[in-house]
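Asker: Below is the structure I would like to discuss, written out as structure tokens.
The values are calculated or read from the model by the stated rules, or taken from the named source; none is laboratory data. All values derive from a computational prediction rather than experimental measurement. Here the Cβ is made from the backbone with ideal geometry for all residues, glycine too, and neighbour counts use every protein chain on show. The accessibility values were calculated without ligands, DNA or RNA, using every heavy atom of the protein model including side chains. Shrake-Rupley method; radii C 1.70, N 1.55, O 1.52, S 1.80 Å.
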Amino acid sequence: MARRFPLAGLLRLRHAEQDRAAAALAAANDRVRDAADARIAARRNLADREETSAVTDAATLSALAAARASTRGMLEELDAVARSRRTEADEAQTTFNTARRAALGLEKLEAHHDREQAAEDLRTEQNALDEIAARRRTEGGAR
């Protein structure tokens, strides 16, 4: 009878860690995409304002300059957020890679264990067959 893989519990734990790391990586990648989308929207907004603005007096010009400066500041903040989220995503990728590598090592051990157990089972079965065949020969020969 085949023995259970002695590290099966640890392998389940490694798979759970890998799943958790994969979920964190997916969430980090979503945040990176959201930041990129916000940056694109802000840049379009800035471009649209520049194209459609009609300056008629000094107050309008001053308000327009303040809006552009504010939008540029917002773009800089969005760039910083995007860099921060990219760093978080890179860290999540590293964590996932580490968890995957740990799980793969145990999966290889499990596969080796399964092969060894199958070979042991075949040896045991072959020994039993050899013993039955030898008994028949000593008890009166083949019929």
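Asker: Rounded to whole Hz and in sequence order, give me ³J(HN,Hα) for the stretch 13-18 from the Karplus expression 6.51 cos²θ - 1.76 cosθ + 1.60, θ = phi - 60°, writing x for Gly and Pro.
Answerer: My calculation for the stretch 13-18 gives 4, 5, 5, 5, 4, 5 Hz in order.
Asker: Tell me the label-point distance for the pair ALA119, MET74, using the 7 Å Cα-to-Cβ offset, in nm and rounded to one decimal.
Answerer: 6.7
Asker: In the set [x] 14.8, 48; [y] 16.0, 50; [z] 33.6, 121, which value of Rg and Dmax of the Cα atoms in Å was calculated from the structure you see?
Answerer: [z]
Asker: Measuring with a 1.4 Å probe in the full set of protein chains, what accessible area per residue, in whole Å², belongs to the chain?
Answerer: 72
Asker: What are the ³J(HN,Hα) values, in whole Hz, obtained from phi via the Karplus relation 6.51 cos²θ - 1.76 cosθ + 1.60 with θ = phi - 60°, for each residue of the stretch 66-77 in sequence order, with x given for Gly and Pro?
Answerer: Running phi through 6.51 cos²θ - 1.76 cosθ + 1.60 with θ = phi - 60° gives 5, 5, 5, 5, 4, 5, 5, x, 5, 4, 5, 5 Hz.
Asker: As an exercise, use a Förster radius of 30 Å and the Cβ-Cβ distance of THR87 and ALA58 to find the FRET efficiency, rounded to the nearest 0.05.
Answerer: For R0 = 30 Å, the calculated efficiency reads 0.10.
Asker: Determine the gain in length on full extension of the stretch ARG100-ASP34; use 0.36 nm per residue of separation and subtract their C-alpha separation, reporting nm with one decimal.
Answerer: 21.1 nm
Asker: Right, here's the next one. If you line up the Cα atoms of the stretch 50-128 on their principal axes, what length do they span on each, largest first, in Å?
Answerer: So the extents along the principal axes, rounded to whole Å, are 103, 20, 8.
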